[in-house]
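Enquirer: Please read through the structure below; I'll follow up with questions.
The values are calculated or read from the model by the stated rules, or taken from the named source; none is laboratory data. Values in this document were obtained by computation on a predicted structure and should not be read as measured data. All Cβ positions, glycine included, derive from the backbone under ideal geometry; neighbour counts span all protein chains shown.
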Amino acid sequence: MFWTSYFLAVLALVLAWPVPVLLSRAEWPSRAPFMAMVLWQAIALAGGLSMIGAMLVYGLEPIGDNLIAGLRSLAGMVLHNEPTTALGFWHLFALSAAALLSAHLVFTLLLTYVKIERQRRRHRELLALLASPSDDGPGTVVINHDSPVAYCLPGGARSVTVLSDGLMAALEPAELRAVLIHENAHLSQRHDLLLWAFAAWRQALPGSPPRGSPRLRSTP
């Protein structure tokens, strides 16, 4: 398990910096945005698990030949007050850091969700005051603005697509239908969940490279 912890540490460093930087400079994500977003999430998840795993495996190394055996021994120490003399200072430190990092990532994920939901609730309240229903179907509203604007606001059964007067005046009916199909695809494919994960990662590790190319990050 000793070398496994070092391998995971190196993998975490590679996934935390060089890989995101290289991917953010690539051109292909603009041609395959869905695959790029899935790849970004896989990199972030693998990086986070590698960071936690490196510390966990190192901390468990004196009390188990593998991860399962080490976890069983640790559970006995925690639940049954078995002696911890086999664990040195740095092993205890690594285990504590793994636990704290895990809690930090989970807490940040939940906190980001709460913040996003509050922002969306406030946004819906403003739309209820400023927007009017559209003839293009339920769940579509129109705001009085000359600039061409179209976006969707996720929310399950409360999801809404917002269009502006400027956009409706500038587009032909077929073009407007294409815009609505595009925005509805964002809602049906739950792209907001991917963006939620990106936002949580930025909150959890603010010094890490940005996830996604500029074109991907500007996707509604």
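Enquirer: I'd like to know if region 161-170 contains one or more residues that are closer than 23 Å to residue 33 by Cβ, among the polar types (S, T, N, Q) and modelled with pLDDT of 95 or more.
Expert: yes
Enquirer: Hey, among the residues in region 1-44 that are at pLDDT 90 or above and under 18 Å from residue 193 (Cα atoms), which one's surrounded by the fewest Cβ atoms within 10 Å (Cβ to Cβ)?
Expert: In this case the residue turns out to be 42.
Enquirer: Okay, moving on. Out of all the residues in region 1-46, which are within 19 Å of the chain's Cα centre (by Cα) and within 24 Å of residue 69 (Cα to Cα)?
Expert: Within region 1-46, 12, 46 qualify.
Enquirer: Same structure, new question: Let me spell it out: the conditions are (1) surrounded by 13 or more Cβ atoms within 10 Å (Cβ to Cβ); (2) in a helix (DSSP H, G or I); (3) free of Cβ contacts under 8 Å to residues at least 12 places away in the same chain, and residue 68 meets all of them except one. Which number is the exception?
Expert: That leaves (1) as the condition not met.
Enquirer: Could you please find all residues in region 104-138 being among the hydroxyl-bearing types (Ser, Thr, Tyr), surrounded by 16 or more Cβ atoms within 10 Å (Cβ to Cβ) and in a helix (DSSP H, G or I)?
Expert: Of everything in region 104-138, those that are among the hydroxyl-bearing types (Ser, Thr, Tyr), surrounded by 16 or more Cβ atoms within 10 Å (Cβ to Cβ) and in a helix (DSSP H, G or I) turn out to be 108, 112.
Enquirer: Considering 23, 56, 8, which residue is touching a residue at least 40 places away in the same chain (Cβ under 8 Å) and either more than 23 Å from residue 104 (Cα to Cα) or not in a helix (DSSP H, G or I) (or both)?
Expert: Within the list 23, 56, 8, the selection yields 23.
Enquirer: Residues of region 183-220 being in a helix (DSSP H, G or I), at pLDDT below 75 and crowded, with 16+ Cβ neighbours inside 10 Å, which ones?
Expert: 216
Enquirer: State whether the residues of region 94-111 include one that is touching a Ser or Thr at 6+ places or on another chain (Cβ under 9 Å), among the small types (Gly, Ala, Ser) and modelled with pLDDT under 95.
Expert: no
Enquirer: Next question. Specify the residue that is surrounded by the most Cβ atoms within 10 Å (Cβ to Cβ); the eligible residues are those in region 139-182 that are more than 21 Å from residue 121 (Cβ to Cβ) and polar (S, T, N, Q).
Expert: Here the answer is 164.
Quick grid of which residues meet (1) without any contact (Cβ under 8 Å) to a residue 12 or more places away in the chain; (2) surrounded by 15 or more Cβ atoms within 10 Å (Cβ to Cβ); (3) more than 34 Å from the chain's Cα centre (by Cα):
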| residue | (1), (2), (3) |
| --- | --- |
| 75 | yes, no, no |
| 86 | no, no, yes |
| 92 | no, no, no |
| 95 | no, yes, no |
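Enquirer: Considering every residue within region 67-80, establish whether at least one is within 16 Å of residue 2 (Cα to Cα) and of a type in the set (Val, Ile, Thr).
Expert: yes
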